[in-house]
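To start, the structure under review is shown below, and the notes come after it.
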Amino acid sequence: MRNPATKQADKSPLKKGPLLYSIAEAAERLGVAASWLRTESSAGRVPYRLIGSHRMFSEEDLEQIVKDAYRPSSGRTRYGRR
């Protein structure tokens, strides 16, 4: 028989891993430069959380950044035909 405390822990809303990511950690997860993420967050173009004086990113923030960055292909190439 399982311990009731263990059963409660299984239903925890917390995901494994950090709750919030630093700029460097978030940039690594997104595959972008930390300087780009710092610039974009300073300009208010990407979501973030301010914890004290530190900009931090949640999983939801990272998902939103990816969602907002999506641009469908136009089917055209940048340099044209050769």
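Miscellaneous remarks
- Per-region count, the range 44-63, residues in a helix (DSSP H, G or I) and either among the aromatic types (Phe, Trp, Tyr) or open to solvent by 70 Å² or more (accessible area, probe 1.4 Å) (or both): 2
- Looking across the range 27-38, the residues that are open to solvent by less than 40 Å² (accessible area, probe 1.4 Å) and in contact with a Lys or Arg (Cβ under 9 Å, 6 or more places away or on another chain) come down to 27, 37.
- Test for residue 41: is it free of Cβ contacts under 8 Å to residues at least 60 places away in the same chain, in contact with a helix residue (DSSP H, G or I) (Cβ under 9 Å, 6 or more places away or on another chain), surrounded by 13 or more Cβ atoms within 10 Å (Cβ to Cβ) and polar (S, T, N, Q): yes
The values are calculated or read from the model by the stated rules, or taken from the named source; none is laboratory data. All values derive from a computational prediction rather than experimental measurement. Cβ: placed from backbone, ideal geometry, glycine included. Neighbour counts: every protein chain shown. Please note that ligands, DNA and RNA were not included when accessible areas were found on the heavy atoms of the full protein model with its side chains. Shrake-Rupley method; radii C 1.70, N 1.55, O 1.52, S 1.80 Å.
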